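Accompanying notes for the structure given below.
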């Protein structure tokens, strides 16, 4: 049987243990870190947790995180409104923004189709996407779901659904990581690398 601490410390270990990717050992390490930290650091952390729950919501247009009714991307008049990039989570918006390659708008689904976890198309923000794509200004929808089984299932579903809209539906080319070894690439990655091949002469 695993060691149990008393009262408040055990409660904290258990709360940390509920966080994604935090196992029992990590939860214990975090709890002891908090216990040994200066009071002002712990107060700052508690305050940040309370503030984020109070102030941060989801953009009424795209579903990205926002402190106002709309997120910074949707509010920016310099963004290209003819293109909408569909991603799974707000963290994907951040990843794409870091590349500085994309100047259009986003649509955050809030997950991916995953029958094993009981997540179907109706559980995602797909019905909110459709009217946005029917806007006369929009000419392209880029599907940028994760290159895993759930992301592939979501992309395939969207490609079928959006086929009748009369706009360009594209997918992010995903292929082999630079510096990677062909023998270690999984089948989905290698398959997509072949699909995304382009002429060089």
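Any read-out appearing in this document is the output of simple, stated calculations on the displayed coordinates, not a laboratory observation. Keep in mind that what you see is a predicted model, and the values were worked out from it rather than measured.
Quick notes on this one:
- Within the chain, percent of DSSP bridges classed antiparallel, to nearest 5: 20
- Computed per residue of the chain from DSSP H runs no shorter than four, each worth -39500 (n - 2.57), the mean residue ellipticity at 222 nm is -12500 deg cm²/dmol.
- Share antiparallel - DSSP beta bridges, segment 76-195, percent rounded to 5: 5
- Rounded if a/c under 1.5, otherwise prolate or oblate - the chain, Cα gyration tensor axes: prolate
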